[in-house]
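Reviewing the structure listed below.
The values are calculated or read from the model by the stated rules, or taken from the named source; none is laboratory data. Everything numeric here is computed off the predicted structure, so don't read it as measured data. Because the Cβ atoms are built from the backbone with ideal geometry, glycine has one as well, and the counts that use them run over all protein chains shown.
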Amino acid sequence: MDFDLLLRGGTVVDPGQGVEGRLDVAFANGRVAAVAPDLSVTATEIIDVTGKLVTPGLIDLHGHFFHRGQPLFVDPDEICLPSGVTTAVDAGSSGWATYAGFREHVIDRAETRVLAFLHLAATGLVTLAAGVGELEDLRFAQEERTRDAFRRFPELLGLKVRIQRQATGEANALPALDMARRICDATGTRLMVHISGTPIPLEMILERLKPGDIATHIFNGHEHGILDASGQVLQAVRDAAARGVVLDVAHAGVHFDVEVARAALAQGLPPTTLSTDMVKPAVARRMYDLLGVMSTFLALGMPLAEAIRGVTDAPARAIGQAGRLGVLAPGASGDAAVLDLEDGDFTFGDAAGHEIKAARRLIPVLTVRAGRRWRPRGWGRRATGAAAAP
Ligand SMILES: [Zn+2]
């Protein structure tokens, strides 16, 4: 056999390489091995994906993951892999006091590739399950111990801080942000800042962000958003985008406003990355998976290739993984998503109640992870006993 897996006849869309067309994709030894028209090779498994979209494995730049028993966050393997997401970036669910456990019990056990930002708060975000903001008490922000965590765990992608009234209160917002800035400067890591519902002006946050830092929940509809009183995108937001600050969506229902996104796109300010801010959805909370977020942006007029760029090449660059993740090039990680565009009558929206009608949406067909077709745990096993699925 030449290869482990061959996806035959699909329409490859790989914006990072500017590739779009009917191509076969072969995988071997956990990596992409060949991408070319009509590969005449042998493979252990050959799947005809004619008429389907084939993209690099999707990257969700902002979600919250944990083991199944935890009340707030989601099991990455349950949510991500079934919808084509092969890399899940945890946006600071753990802090220096909890990250070692997060690594052992979530990162090391998941089939999904889980990468993580560390939270400035020692406990990460677990206090939210009890309704307590993680930095309402600034004693949870410990500069030296957080810096030390970046020395101990060099795989960390960066530092996360939430500048939100419910997270920091008013008085702690700027001290927390400035401490996060100092830690990033001292350790050479990137900063991801939650900007939704901030108690301080957005300009005060953005002026502290450097190229490669990430402003997340960019299209939120709360106070101190990206639009001025007349609905125009603030100059500070355009300046941040121009100098290379990543503008990340992180939808979450409550941190996304359809009308803010519509205004920004109309004024020539697209997001850099599309992401979910996935948590366990509260009852009646409007929440989308990554394909739902992409479909929302298609409905807002974003071209398909740009929506795919926002979940492949763009987030890969944002986390310093360009060429390894988010791309279908020989030698790159063997992750891919096979998707389809379904015609119908769909409605997307936000927690504020804005709705947008869509005549198509993206749906998952199959996922390739580490060079093999991914199947749910227990797939193909004979169902036995009362616990068997119907
Ligand atoms: Zn989040």
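Looking at the stretch 250-260 only, could you name the residues that are surrounded by fewer than 22 Cβ atoms within 10 Å (Cβ to Cβ) and not in a loop (DSSP other than H, G, I, E, B)?
VAL258, GLU259, listed by residue number.
What number of residues in the stretch 153-182 are closer than 18 Å to ASP90 by Cβ and of a type in the set (Val, Ile, Thr)?
Count: 1.
Any residue in the stretch 225-236 that is within 16 Å of the ligand (Cβ to nearest atom) and over 20 Å from the mean Cα position of the chain (by Cα)? Walk me through how you get there before you give the answer.
Initial filter on the stretch 225-236 (within 16 Å of the ligand (Cβ to nearest atom)): none.
Among the residues of the stretch 225-236, not one is within 16 Å of the ligand (Cβ to nearest atom) and over 20 Å from the mean Cα position of the chain (by Cα), which makes the answer no.
Can you name every residue in the stretch 250-274 that is in contact (Cβ under 8 Å) with a residue 12 or more places away in the chain, under 21 Å from GLY212 (Cα atoms) and either away from the ligand (no atom under 15 Å from the Cβ) or more than 18 Å from the chain's Cα centre (by Cα) (or both)? Quick ask: steps written out before the conclusion?
Restricting attention to the stretch 250-274, the residues satisfying the condition of being in contact (Cβ under 8 Å) with a residue 12 or more places away in the chain are 250-265, 267, 269-274.
Now restrict to residues that are under 21 Å from GLY212 (Cα atoms): 250-251, 264, 269-274.
Residues satisfying the conditions are ALA264, LEU269, PRO270, PRO271, THR272.
Tally the residues that are assigned to a helix (DSSP H, G or I), touching a helix residue (DSSP H, G or I) at 6+ places or on another chain (Cβ under 8 Å) and within 11 Å of VAL161 (Cβ to Cβ), restricting the search to the stretch 179-209. Steps first, answer last, please.
Taking the stretch 179-209 first, the residues assigned to a helix (DSSP H, G or I) are 179-187, 202-206.
From the residues that got through so far, the ones that are touching a helix residue (DSSP H, G or I) at 6+ places or on another chain (Cβ under 8 Å) too are 179, 182-183, 186-187, 202-206.
Among the residues that remain, those that are also within 11 Å of VAL161 (Cβ to Cβ) are: 179, 183, 205.
Residues flagged as assigned to a helix (DSSP H, G or I), touching a helix residue (DSSP H, G or I) at 6+ places or on another chain (Cβ under 8 Å) and within 11 Å of VAL161 (Cβ to Cβ) within the stretch 179-209 amount to 3.
Of the conditions (1) under 16 Å from GLY310 (Cα atoms); (2) buried (at least 16 other Cβ atoms within 10 Å of the Cβ); (3) free of Cβ contacts under 8 Å to residues at least 40 places away in the same chain, GLY244 fails just one. Which one is it?
The number of the failed condition is (2).
Taking the criterion of being crowded, with 19+ Cβ neighbours inside 10 Å, of a type in the set (S, T, N, Q) and in contact with a His (Cβ under 9 Å, 6 or more places away or on another chain), would at least one residue in the stretch 162-170 satisfy it?
Scanning the stretch 162-170 turns up at least one residue that is crowded, with 19+ Cβ neighbours inside 10 Å, of a type in the set (S, T, N, Q) and in contact with a His (Cβ under 9 Å, 6 or more places away or on another chain).
Could you grab me the full set of residues in the stretch 237-249 that are away from the ligand (no atom under 16 Å from the Cβ) and assigned to a loop (DSSP other than H, G, I, E, B)? Reasoning before the result, please.
Kept after step one, since they are away from the ligand (no atom under 16 Å from the Cβ), are these residues of the stretch 237-249: 237-245.
Once the filter is applied, which keeps residues that are away from the ligand (no atom under 16 Å from the Cβ) and assigned to a loop (DSSP other than H, G, I, E, B), the stretch 237-249 yields ARG243, GLY244, VAL245.
All but one of (1) within 18 Å of the chain's Cα centre (by Cα); (2) at pLDDT 95 or above hold for PHE153; which doesn't?
In the conditions (1) within 18 Å of the chain's Cα centre (by Cα); (2) at pLDDT 95 or above, PHE153 misses (1) alone.
Return yes or no: is GLN142 within 21 Å of PHE65 (Cβ to Cβ) and not aromatic (Phe, Trp, Tyr)? Can you show your working first?
On the way: within 21 Å of PHE65 (Cβ to Cβ): no; not aromatic (Phe, Trp, Tyr): yes.
No, not satisfied.
Using beta carbons and a limit of 8 Å, which pairs, at least six apart or on different chains, have the first residue in the stretch 58-74 and polar (S, T, N, Q) and the second one at pLDDT below 95?
GLN70/VAL126; GLN70/ALA129
Working carefully through the options ALA116, ALA129, find the one that is within 18 Å of LEU72 (Cβ to Cβ), touching a residue at least 40 places away in the same chain (Cβ under 8 Å) and exposed (fewer than 15 other Cβ atoms within 10 Å of the Cβ).
Numbers: ALA116 fails: exposed (fewer than 15 other Cβ atoms within 10 Å of the Cβ).
None of the other options fit; the residue is ALA129.
Inspect all residues belonging to the stretch 27-39 and state whether any of them is outside any strand (DSSP E or B), in contact with a Leu (Cβ under 7 Å, 6 or more places away or on another chain) and crowded, with 23+ Cβ neighbours inside 10 Å.
Filtering the stretch 27-39 down to residues outside any strand (DSSP E or B) leaves 29-30, 37-39.
Retained after the next criterion (residues that are in contact with a Leu (Cβ under 7 Å, 6 or more places away or on another chain)): 37, 39.
From what is left, the residues that are crowded, with 23+ Cβ neighbours inside 10 Å are none.
Scanning the stretch 27-39, I find no residue that is outside any strand (DSSP E or B), in contact with a Leu (Cβ under 7 Å, 6 or more places away or on another chain) and crowded, with 23+ Cβ neighbours inside 10 Å, so the answer is no.
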